[in-house]
Amino acid sequence: MTFRFRAIQPVHTLALVAAFIAASAPLAAQAPARPFTLAGFGGGISSLGGDGEFRVTHEDGVRLGYDVNPVITLRAVVTSATRETSGAAWGKHSGTDVSHRRYAAEIVAGPSGARNVRPYVFGGAGVVTNDPRGDGDANTTGALRAGVGFEWRPGRSHIGAAFEAGANAYRLNTLGVRRTQYDVAWNGGLALHW
C-alpha cells in the first residue's frame, strides 16, 4: 500500500476554518471571559519507523490561541528541535544535526469540560523547515498535523496545564533523502489565559 502526500491548498484550509466557525456560530453568544491563551511547552518528537530516520529528541514550542466560543479555538503554533539523522539512508550524513522548525495554524475542538478538564482534538496545516547545520541544504515544505490533548485548569484560574500528542506529515527533501516523513510528538506545558 502506497500513501501519497498531497499538499492542502490554502483555499481548502480557509474553507475548512470557515465551516468550523459557521457550525459553531450558535455558541458565539457564550464567548469565554478569557478568550486568549499563551502556552509554552516542551516534550519529544520521534520519526515513525524505517531507515534514514531522526533520533528521538526534545522539542520546545509556543502556542497562541483565541477561543472563538467554548468549543472552538484557533491557534498559531511554533516549535523548534535539533534532530540527529540516523540510518544508512543518510549515507555520509548519518549523525548530522538538523534544525527542525514548524510553523502552523490549527483548529482545536472540544467541550469546555467538566471538573476543570477540557479534552480536545486538533488539526492544522503549516510549514516545516529542516536545516542541516553547516550544510546549507535547508528545505521548507508544507505540513499537516493532527492529534489529541487535554487541559486542566483549576476553577477560574488564569493558569492551566496542557498535555498533547499528535502526528505530523510532510515531504522531507534534505541531505539527499527525499520521501514523505511521518513524526509523532508529545508535550506538556503551562497555559496562561487572559
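The table that follows gives values for the structure above.
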item	result
Point-charge dipole on Cβ atoms (K/R +1, D/E -1) for region 68-129, about Cα centre, debye to 20	120 debye
Cβ crowding within 10 Å averaged over residues, with 173-186, 145-158 ranked highest first	173-186, 145-158
Rough spin-label spacing in nm, given labels placed 7 Å along Cα→Cβ, for R115 and R101	4.2 nm
Sites K92 and F36, calculated FRET efficiency, Cβ-Cβ separation with R0 45 Å, nearest 0.05	0.40
Residue-by-residue Karplus 3J(HN,Hα) for region 106-111, coefficients 6.51, -1.76, 1.60, Hz, glycine and proline x	10, 10, 10, 10, x, x
Additional length obtainable on full extension of the chain from R133 to S46, 0.36 nm per residue less Cα span	29.4 nm
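Each value in this text was obtained by applying a stated rule to the coordinates, not by laboratory testing. Given the structure is predicted, the values throughout are model-derived calculations rather than measurements. Ideal geometry is used to build each Cβ from the backbone, glycine not excepted, and the neighbour counts take in all protein chains shown.
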